[in-house]
Structure formats: C-alpha cells, structure tokens
Ligand SMILES: CC(C)(COP(=O)(O)OP(=O)(O)OC[C@H]1O[C@@H](n2cnc3c(N)ncnc32)[C@H](O)[C@@H]1OP(=O)(O)O)[C@@H](O)C(=O)NCCC(=O)NCCS
C-alpha cells in the first residue's frame, strides 16, 4: 500500500484555535461579523484537513451555518475541528465554535459547521487521501452520519447544477 494512504486516526487531525474578538472584527452593535467567524471556521477546518491528508487542500463547500448566539468584542472564540470521515479525495470536517467570557470563564456554544475539503496536487489534480479510522463511540457516530450528509450535499449540488443549466439554456 502507498504509505501516504495508510489509515489515520480521527484524533490525529484535531485542531483547537483561539481568537480574541477585537473591535475590527465587529459590526456597529459590537458583535462579531458572521463573515469573520466563517473565515476562522474555514481556517480551522483547513488545518484539520491538512493534518489528515498532508496534501494541499481546498474548501469545496460549507454546509448551512447557523449563528445561535452573538459574540461580543472582548470575548474569546474557541474553534475545535476534526475530520469526521475521509472519502476518496474529499473529507468532511466538523467545527464547533464556542465563546468564552474572559472574566468568568463561562463558555457557550455559538455555532457548528460541516465543511468538505478536497486534496489536490501542485497541478490542481485531485489526489487520494488516507482513510480515517474513528476511535471512540462519538467519532464512530460522526463517521456514520458524515456519509449521510455527503449523499445529501451531493444531491443538493446536482440539483443546483440543473437549475443553473436550465437558466442558461
Ligand atoms: C473542489 C474541487 C477540487 C472539486 O473538483 P470537481 O472536479 O468539481 O469535483 P468532482 O465532482 O470530481 O468531485 C471530487 C470530490 O469532491 C467532492 N465534492 C465536489 N464538490 C463538492 C461539494 N460542493 N461539496 C462536497 N463535496 C464535493 C466529491 O464528492 C468528490 O469526492 P471524492 O473524491 O471523495 O469521492 C473543485 O471544484 C475546485 O477546485 N473548486 C474550487 C476550490 C476553491 O478554490 N476553494 C476556495 C474557496 S473559493
């Protein structure tokens, strides 16, 4: 077997990233821009994808993103990401976003996102990535659910392609 395709444990891709919300990250209400949180989610997921694949990886998609609670200037944002499942050249990464009150240490869940990254080589050609081995019950659940989500998002992608094609015709 190609050594680059040796199966890897899910936990090997784990990333935790911490950011302080500065005034430059906020809107006139003093809460973080959604786009800023999305950028941090993308970076955190991208690092997890590269830890798994050890290849160049690009964002293929981000599933629906819901912001459950605003995050204020001066709060600390903690992002946790891990690869849920590797397919052939693509992988699903789950990211959880929490906000921490720096004075009390209290944390709340603000957002969760699923992203798909694809591994490519320097010519931009897709490359195979190692299979992922879930380690515990939680990782096993995420692994199984990732397959269902993949089917759903590929169906949706094809549906959108059809809509665009019909408009162009
Ligand atoms: C992502 C990209 C490499 C996919 O290439 P493609 O030729 O369109 O994709 P294919 O239909 O052949 O599918 C390739 C793989 O990507 C997955 N994939 C493609 N589009 C996807 C999407 N929108 N969501 C989830 N997975 C997707 C497929 O399931 C397949 O996975 P597998 O190899 O594990 O089975 C290509 O579309 C690309 O380069 N996009 C731009 C990426 C980029 O620049 N991102 C930064 C933000 S702009």
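Can you give the calculated 222 nm mean residue ellipticity of the chain, where each DSSP H run of n ≥ 4 adds -39,500 (n - 2.57) and the sum is split over every residue, rounded to the nearest 500 deg cm²/dmol? Show your work: numbers first, answer last.
Working: 2 runs with 52 residues, N = 169.
Rounded to the nearest 500, the figure is -11000 deg cm²/dmol.
As a proxy for reagent exposure, 64, 42, 147 were ordered by neighbouring Cβ count within 10 angstrom, fewest first; the result is 64, 147, 42. Any idea what angle helix 34-53 forms with the longest principal axis of the chain, computed on alpha-carbon atoms, 0 to 90 degrees, nearest 10? Roughly 40 degrees, rounded to the nearest 10. Between residue 54 and residue 108, residue separation times 0.36 nm minus the direct Cα-Cα distance comes to 16.2 nm.
How would you rank 52, 25, going from fewest to most other Cβ atoms within 10 Å of each one's own Cβ?
Ranked by crowding around the Cβ, least crowded first: 25, 52.
Each peptide in 151-160, 87-96, 136-145 was scored by the mean count of other Cβ atoms within 10 Å over its residues; highest first, the order is 87-96, 136-145, 151-160. Relative to the dominant Cα principal axis of the chain, helix 137-168 is inclined by about 80°. Beta bridges per DSSP, both residues in segment 3-168: antiparallel share near 95 percent. Using the Cβ-Cβ distance between residue 24 and residue 144 with R0 set to 41 Å, the FRET efficiency works out to roughly 0.50.
Please arrange 9, 68 by how many other C-beta atoms lie within 10 Å of their C-beta, fewest to most.
68, 9
Note on the chain: Cα convex hull, mean projected area over all directions, 12.7 nm².
Every read-out reported here was derived from the displayed coordinates using simple, explicitly stated rules and does not represent laboratory data. Not measured: the values here are computed from a predicted model. Glycine also receives a Cβ, built like all others from the backbone with ideal geometry; neighbour counts cover every protein chain displayed.
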